[in-house]
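These notes are about the structure you will find just below.
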2 protein chains.
Amino acid sequence: MKKIIAGAAFGIAALSIATSAAAQVSVEDAIKFRQAGYAFMSWNMGKIKAQVIDGQPYNQDQVAAAANAIAAIANSGMGALYPAGSDTGTGFRATKVKPEFFQNMPDVGQLAGSFNTAANELAAAAATGDQGAIRAAFGKVGETCKACHDKYRAK
Amino acid sequence: MKKIIAGAAFGIAALSIATSAAAQVSVEDAIKFRQAGYAFMSWNMGKIKAQVIDGQPYNQDQVAAAANAIAAIANSGMGALYPAGSDTGTGFRATKVKPEFFQNMPDVGQLAGSFNTAANELAAAAATGDQGAIRAAFGKVGETCKACHDKYRAK
C-alpha cells in the first residue's frame, strides 16, 4: 500500500508525463485505459456494496479480492492516463472529463490522493473481515469518488 | 496473493454464478467489465514491457504497482464476468470470445489458473526489483495470456 506515493504520482504524472513510460500511449488509448480502470473498480465496488450494504451473503474472499483490485488500480498511477489533449476524445466512449480537470491539477492531485488513501483503507479493512469497518471504509471510498465526479465529470 | 483460490474461483464462478453477487450484473455489463479488466491489465503489461524489455528507464515503484494491478485484477474473480448468454453481445464493444470458451470450462479454468499463478509470480518478482526475474515472469504472463487468446478469442 503506497498511499503517499500513489497520490503524489497522480499529480506528478498528470503534470509531467514526458518522461513516463505510460506517456507512450495515444490519447485515445489513455482515455480507453482510464475508462477501463474506473469501470473495473465500479464492478468491484458493486460487489462490496452488495455484500456489506445490500445484505447479500458475505464472502470474505470475494470482498477482500474486490478491495485489493480497487486499491491496486488506484495505486497504479492513473494520472499518466490524463495526458495533454485528453480533455476531449473517445476511448471506449467519449470522455466525460471536464476541461476544469486539467486547469486545477493541484486540486485533482489532492482528490486523487484522498481516493487512494480511502481505497487503501478499504483494502486494509477488507483484509480484517470486520464488516462494520468495511462498510465505513466503503462509504469513504464512495465519497472520494463522488467528490471528483461532482467537480470534474460531466453528467 | 491467492493463487489457488483465484484459479478455482474462475472455474466455479463461470460454471455456477447463480449464487454470486457478481451475477447481478447484466450480460452487457459483464462483457463491459471483463473488457475493462483486460484493457487495464494490458496498459500495465505495456508499462512493464517498456521498462524491462524495451529499455526505457526502469522505475521500481511503477513496475511493482503495475504488477500489483495485474495480479489484483487477475485475482478478483473474473470468471463471474462470463455468465450464460455472454458468448455474444456488446459491452464497450462486441465481445471477441469464441463459443468454444463456454463449451470447455475445465480447460478455461486451467488456463485461468495458469494465468493467475503467472500474474502472482510477476507481482512477487516485481516486488524484489530483480529485473531479470521480472523479465522472466513477465514472459510467462504473456504466454498464459496468449494461450487463452489463441484458443478462445476471435482474431
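For segment B:99-126, how many residues meet the condition of being in contact with a helix residue (DSSP H, G or I) (Cβ under 7 Å, 6 or more places away or on another chain) and surrounded by 15 or more Cβ atoms within 10 Å (Cβ to Cβ)? So the answer is 19. For segment B:28-71, taking the residues that are within 19 Å of the chain's Cα centre (by Cα) and of a type in the set (Ser, Thr, Tyr), the one that is surrounded by the fewest Cβ atoms within 10 Å (Cβ to Cβ) is identified as B:SER42.
Give segment B:78-97 a look and list any residue that's surrounded by 15 or more Cβ atoms within 10 Å (Cβ to Cβ) and of a type outside the set (Phe, Trp, Tyr), or say none.
B:MET78, B:GLY79, B:ALA80, B:LEU81, B:PRO83, B:SER86, B:ASP87, B:GLY89, B:GLY91, B:THR95, B:VAL97
Looking only at segment B:61-77, decide whether some residue is charged (D, E, K, R) and farther than 19 Å from A:LEU81 by Cα. Looking through segment B:61-77, none of the residues is charged (D, E, K, R) and farther than 19 Å from A:LEU81 by Cα. Scanning segment A:66-89 for residues that are polar (S, T, N, Q) and more than 11 Å from every other protein chain (Cβ to nearest Cβ) returns A:SER86, A:THR88.
Sub-8 Å Cβ pairs linking a first residue in segment B:41-65 that is facing another protein chain (nearest Cβ under 9 Å) to a second residue that is among the β-branched types (Val, Ile, Thr) and assigned to a loop (DSSP other than H, G, I, E, B), at least 6 apart or interchain, are B:TRP43/A:VAL25; B:GLY46/A:VAL25; B:PRO57/A:THR19, ordered by first then second residue. If the condition is being open to solvent by 40 Å² or more (accessible area, probe 1.4 Å) and either modelled with pLDDT of 95 or more or more than 8 Å from chain A (Cβ to nearest Cβ) (or both), then segment B:14-27 contributes B:LEU15, B:SER16, B:ALA18, B:SER26, B:VAL27.
The values are calculated or read from the model by the stated rules, or taken from the named source; none is laboratory data. In this text the structure is predicted, and so the values were computed from the model without any measurement. Cβ sites come from the backbone with ideal geometry, for glycine too, and all protein chains shown count toward neighbours. Note: areas computed on protein heavy atoms with side chains; ligands, DNA, RNA excluded. Shrake-Rupley method; radii C 1.70, N 1.55, O 1.52, S 1.80 Å.
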